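One structure is given below, encoded as structure tokens.
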Amino acid sequence: MQDKSTTIAEHRSHETDTGSPEVQVALLTERINHLTEHLKIHKKDHHSRRGLLMMVGKRRRLLNYLQNQDVERYRSLIAKLGLRR
């Protein structure tokens, strides 16, 4: 799992950008990947599994918002993060 500030620095659009959809999706993707690895080991951790599903839903909503606002930014983010859709 990357450092949070490193992830923000890679995806921000300007110096003080911490809340754009791109940054939020990148941070959620990092957390989702980390939690997925945790759940591969701890299969009965249903509490964390629910949190994972909520994060995936939030990422999905942010991606839908970004796709509706600016398709080019959406496509570049999908390619950069390696998400398939």
Count of the range 70-85 residues which are touching a residue at least 24 places away in the same chain (Cβ under 8 Å) and not hydrophobic (A, V, I, L, M, F, W, C): 2
Scanning the range 1-50 for residues that are crowded, with 16+ Cβ neighbours inside 10 Å and hydroxyl-bearing (Ser, Thr, Tyr) gives THR7, SER20, THR29
Would you please list the contacts, defined by Cβ atoms under 6 Å and residues six or more apart or on different chains, that run from a residue in the range 23-49 that is among the β-branched types (Val, Ile, Thr) to a residue that is part of a helix (DSSP H, G or I)? VAL23/ILE8; VAL23/HIS11; VAL25/ARG59; VAL25/LEU62; THR29/LEU81; ILE32/MET55
When the range 52-70 is checked residue by residue, the ones that are surrounded by fewer than 13 Cβ atoms within 10 Å (Cβ to Cβ) and not aliphatic (A, V, I, L, M) are GLY57, ARG61, ASN64, ASN68, GLN69
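Read-outs: derived from the displayed coordinates by stated rules, not from any lab. Owing to the predicted nature of the structure, the values given are computational and were not obtained by experimental measurement. No Cβ is skipped: glycine too gets one built from the backbone with ideal geometry, and neighbour counts run over all protein chains shown.
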